[in-house]
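K.L.:
Sending over a structure as structure tokens; questions will come in a sec.
The values are calculated or read from the model by the stated rules, or taken from the named source; none is laboratory data. Note that this is a predicted model, so its numbers are computed, not measured. Here the Cβ is made from the backbone with ideal geometry for all residues, glycine too, and neighbour counts use every protein chain on show. The accessibility values were calculated without ligands, DNA or RNA, using every heavy atom of the protein model including side chains. Shrake-Rupley method; radii C 1.70, N 1.55, O 1.52, S 1.80 Å.
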Amino acid sequence: MIKPKIAFICVHNSCRSQMAEALGKYFGSEYFDSYSAGTETKPQINQDAVRLIKSRYNIDMEKTQYSKLIDEIPAPNIVITMGCNVNCPYLSSEERYDWGLEDPTGKSDQEFQKIIDKIEENIKKLVDRFK
């Protein structure tokens, strides 16, 4: 069976979508391929996201990921937007979901951890679906 491609999308592809890609690869690489992208890019991934994902999961996102545009990833089977409302980029897919996550950029580590917890929970639900 061919693994489905899941694209985690938000405008800047620097924080929530990057964390979702990292955790998708970490928890779900056996079941689906994870990508992230946006309609704009940032020169680097959000440094709080990098630090917290590294301390919690020992994943160095700066070594394995970078901010990319939606036309730089393979066509996905499933698109998951992070919660950018009407500004969410559109990308054609068989299925589309919005996780409705607040952007933790500029907020406390505690707020970041809440978003990371939600992303992990959602990723594990995806893993259960494709097991």
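K.L.:
Please go through the range 11-33 and give me each residue that is at pLDDT 95 or above and either farther than 16 Å from ASP98 by Cα or open to solvent by 80 Å² or more (accessible area, probe 1.4 Å) (or both), ordered by number.
P.N.:
Result: ALA22, LEU23, LYS25, TYR26, PHE27, GLY28, SER29, GLU30, TYR31, PHE32, ASP33.
Matching residues to (1) of a type in the set (A, V, I, L, M, F, W, C); (2) at pLDDT 95 or above; (3) open to solvent by less than 50 Å² (accessible area, probe 1.4 Å); (4) closer than 12 Å to SER14 by Cα:
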{"residue": "PRO43", "(1), (2), (3), (4)": "no, no, no, yes"}
{"residue": "ASN87", "(1), (2), (3), (4)": "no, no, no, no"}
{"residue": "ARG96", "(1), (2), (3), (4)": "no, no, no, no"}
{"residue": "GLU111", "(1), (2), (3), (4)": "no, yes, no, no"}
{"residue": "ILE116", "(1), (2), (3), (4)": "yes, yes, yes, no"}
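K.L.:
OK, next. Restricting to the range 60-77, name every residue that is in contact with a helix residue (DSSP H, G or I) (Cβ under 9 Å, 6 or more places away or on another chain) and buried (at least 18 other Cβ atoms within 10 Å of the Cβ).
P.N.:
Listed by number, the residues that qualify are MET61, GLN65, SER67.
K.L.:
If the requirement is being touching a His at 6+ places or on another chain (Cβ under 8 Å) and not β-branched (Val, Ile, Thr), which of these qualifies: LYS42, LYS68, LYS54?
P.N.:
LYS42
This table checks each residue for (1) out of contact with any Lys or Arg (no Cβ under 7 Å at 6 or more places or on another chain); (2) in contact (Cβ under 8 Å) with a residue 12 or more places away in the chain.
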{"residue": "CYS15", "(1), (2)": "yes, yes"}
{"residue": "LYS25", "(1), (2)": "yes, yes"}
{"residue": "SER29", "(1), (2)": "yes, no"}
{"residue": "ASP33", "(1), (2)": "no, yes"}
{"residue": "ALA37", "(1), (2)": "no, yes"}
{"residue": "LYS42", "(1), (2)": "yes, yes"}
{"residue": "ASP48", "(1), (2)": "yes, yes"}
{"residue": "ILE53", "(1), (2)": "yes, yes"}
